[in-house]
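Here the structure is laid out as structure tokens; the discussion comes afterwards.
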Amino acid sequence: MQVSKIFRLKSVESRMNYAYLSISEHGKIREQNEDSVGIFHTDFGLLIVICDGLGGGLSGEFASMLSVETIHKSFVESHELDLLKRIRKSIEKANKFVYEKSNGNLNFKGMATTCEVLLLNGVSAFWGHIGDSRIYFHKNKKLNQLTKDHSLIQKLIDEGELAVKDFKNHPKKSVITKAIGDDQIPEIDTSKMLLPNQSQLKFFVCTDGVTCVVNDNELEILLEHKDLSEISNKLKKLINKRGAPDNYSYVIVSN
């Protein structure tokens, strides 16, 4: 499913417009898409949530859908003025629901989900992250990964036991170390950045169904195109050419 829209911020601090496009596909091997994507217009800016469900079958799909819905509802209903804390508390609420469902119903035993939350208000970007889905920032033809994977592979790389170039062939490349639903108290990364004035910029939020077959150099080149549909069409073609072994979802945002 593809959505492409122009969104005018409600924030009194900015009149910046955002164009965005989202894709979520089940790929060529998986029968079911366990990814969920939500894009919401809030009083605090454009809220993007992407979750990649774990646990197989309906449980993974349910975990990701429940998390997207809970995070959105919790975010808009919260009275917390600190936006990073608001994001964190929203993810914690989703974790509570997924954890309780996983431990209280055998049909959902072991379900979990990765989670990326990105809020753009024209002045700043705020994000929350858990798992191995990613958020990227693209400016002046340079791509920066804003999040760090919570995965066994990343741990081995950090400890110097594995070279970055070798991770794609590692037998445990899909093992993640943190996810919504894993523990009662989730370990969530949050951060923020000021957005540069008068600059052409893009954000790219995706599940590992993209990054397991497309590297950062290729993403950097693709995101140089101005037209979001052109970027998406080229990216989908590349993913499918390489077998689309996993569900893949992404949101491209441009000012």
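Return yes when Lys93 is under 18 Å from Lys178 (Cβ atoms) and without any contact (Cβ under 8 Å) to a residue 60 or more places away in the chain and no when it is not.
yes
Go through the residues of the stretch 235-249 one by one and say whether even a single one is at pLDDT 95 or above, of a type in the set (S, T, N, Q), in a loop (DSSP other than H, G, I, E, B) and out of contact with any Leu (no Cβ under 9 Å at 6 or more places or on another chain). No, there is no match, as no residue in the stretch 235-249 is at pLDDT 95 or above, of a type in the set (S, T, N, Q), in a loop (DSSP other than H, G, I, E, B) and out of contact with any Leu (no Cβ under 9 Å at 6 or more places or on another chain). Elements of the type strands (runs of 3 or more DSSP E) sitting completely within the stretch 86-141 and holding at least 3 residues that are crowded, with 23+ Cβ neighbours inside 10 Å: these cover 115-120, 124-130.
Inside the stretch 97-134, can you point out the residues that are farther than 27 Å from Ser254 by Cα and in contact (Cβ under 8 Å) with a residue 24 or more places away in the chain? The answer is Phe97, Val98, Tyr99, Lys101, Ser102, Asn107, Phe108, Lys109, Gly110, Met111, Ala112. Every condition in (1) crowded, with 22+ Cβ neighbours inside 10 Å; (2) over 26 Å from Leu223 (Cβ atoms) holds for Ile50 except the one numbered (2).
In the stretch 229-238, the condition of being within 18 Å of the chain's Cα centre (by Cα) and among the polar types (S, T, N, Q) is met by at least one residue.
Applying a threshold of 8 Å to beta carbon distances and a minimum spacing of six or more residues, or different chains, the list of pairs starting in the stretch 194-209 at a residue that is in contact (Cβ under 8 Å) with a residue 12 or more places away in the chain and ending at one that is among the aliphatic types (A, V, I, L, M) and assigned to a loop (DSSP other than H, G, I, E, B) reads Leu194/Val123; Leu195/Val123; Leu201/Leu195; Lys202/Leu223; Phe204/Leu223; Gly209/Ala244. Against the numbered list (1) within 18 Å of Asn197 (Cα to Cα); (2) modelled with pLDDT of 95 or more; (3) of a type outside the set (A, V, I, L, M, F, W, C), Asn121 comes up short only at (2).
The values are calculated or read from the model by the stated rules, or taken from the named source; none is laboratory data. All values reported here derive from a predicted model rather than from experimental measurement. So basically every Cβ, Gly included, is an ideal-geometry build from the backbone, and we count neighbours across all protein chains shown.
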